[in-house]
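Bear in mind these aren't lab numbers, they're just calculated from the coordinates by the rules spelled out. These numbers come from a predicted model, not from an experiment. FYI the Cβ positions are ideal-geometry reconstructions off the backbone, even for glycines, and counts take in every protein chain you see.
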Amino acid sequence: MDVRFLFIPWRRFGRKPIVRFPFGQEGDAMLTMLPPHLEPIPVESVIGSVDRYRQLDGRFRPGRRMTQRLGGIIRAMRNGVQFPPIEVYRLEGACYVIDGHHRVAAALEVGQLYLDALVIECRPPAEVGNLLEAARIDFGLRTGLRTVAFSTPARYAQALQQIHEHRWYLNERGKRVSLREAAEEWRQHIFWPVVRQLAVERLVHPEAMVEAGDLYLRVSDLKYGVSRERGHDIGFPLAIREWITRHYPSEPPAFFKHLLDMSMMAVG
């Protein structure tokens, strides 16, 4: 008998709240990521999420009510429909979902013991070595972004967290993308437009990758802080303007000169 299709009543026993994958935020340990491989994993081993640990309950559901999408997956799973593998990081035997939260929730609901998964093994590095170089390599392997760079491992982790959040945003709007696809979308539509505007303001040279990456993250932090204070997202253009005001109060930035020139042209 194929154990992947045995069923047990998980829901009778309940589960603890899901936990965050312990990588991607300041203070987290560095990890080495091995190449992904396919294998059936025990549903019981899936304990957390990379980017949705705040939104889901212990059964990987967004709330007490059954959503239409989750209900459809549960019905299909009970009828024996085969689903694509979920994607997980595995650290010390515990699995954290990258993609496939609904399939995990459905497996828990119907009592399925195993799910096929694309597994990325994560291990603490045997030797500390050059942490910055390790972070750069890890970021490039996971995202495919080779021209984005930062000055510290923590900043690579911060950028990776942004990419995970952007992927979740895209998936919630029906655009199913891989982590690398989300990273490229983030680079094209968020990171690079901000860096270009910073270059227009003569705050950074676009070819100075490390300086550009670090300044982007500093402006991101400012944007987040000011948005919380004002109760709404101020957007990057206003965040850049706020950065200039705070750091160059005595110098008229190029952005304002450009606006003034455009206004004078319109009047003329």
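Apply the a/c threshold of 1.5 to the C-alpha gyration tensor of segment 28-146 and tell me whether it is rounded, prolate or oblate. Prolate, since a/c reaches 1.5 and a/b exceeds b/c. Answer rounded, prolate or oblate for segment 38-95, using the Cα gyration tensor with square roots of eigenvalues a ≥ b ≥ c: rounded when a/c is under 1.5, else prolate when a/b is larger than b/c, else oblate. Because a/c hits 1.5 or more and a/b fails to exceed b/c, segment 38-95 counts as oblate. Cβ-Cβ distance of ARG20 and HIS189, R₀ of 30 Å, FRET efficiency by 1/(1 + (r/R0)^6): the value works out to about 0.70. Scanning residues 5 or more positions from VAL19 or on other chains, those with amide H under 5 Å from its amide H are GLY48, SER49, with H placed 1.01 Å from N in the peptide plane. Rounded to the nearest whole Hz, the Karplus-based 3J(HN,Hα) values (6.51 cos²θ - 1.76 cosθ + 1.60, θ = phi - 60°) of segment 154-161 follow the sequence 4, 6, 4, 5, 5, 5, 5, 5, with x at glycine and proline.
Taking label positions 7 Å along the Cα-Cβ direction at both ALA154 and THR67, the computed distance is 3.4 nm, reported to one decimal. Based on alpha-carbon atoms, the Kirkwood radius and the radius of gyration of segment 126-235 give Rg/Rh equal to 0.99.
Whole-Hz Karplus values for segment 41-49 come out as 10, x, 4, 4, 7, 7, 10, x, 9 Hz, taken residue by residue from phi with 6.51 cos²θ - 1.76 cosθ + 1.60 and θ = phi - 60°; glycine and proline positions read x.
Computed from the Cβ-Cβ distance with R0 of 22 Å, the FRET efficiency linking GLU181 to MET209 stands at 0.50. Karplus-based coupling profile of segment 135-141, in residue order and whole Hz: 5, 4, 5, 4, 4, x, 5, with θ = phi - 60° in 6.51 cos²θ - 1.76 cosθ + 1.60 and x standing for Gly or Pro.
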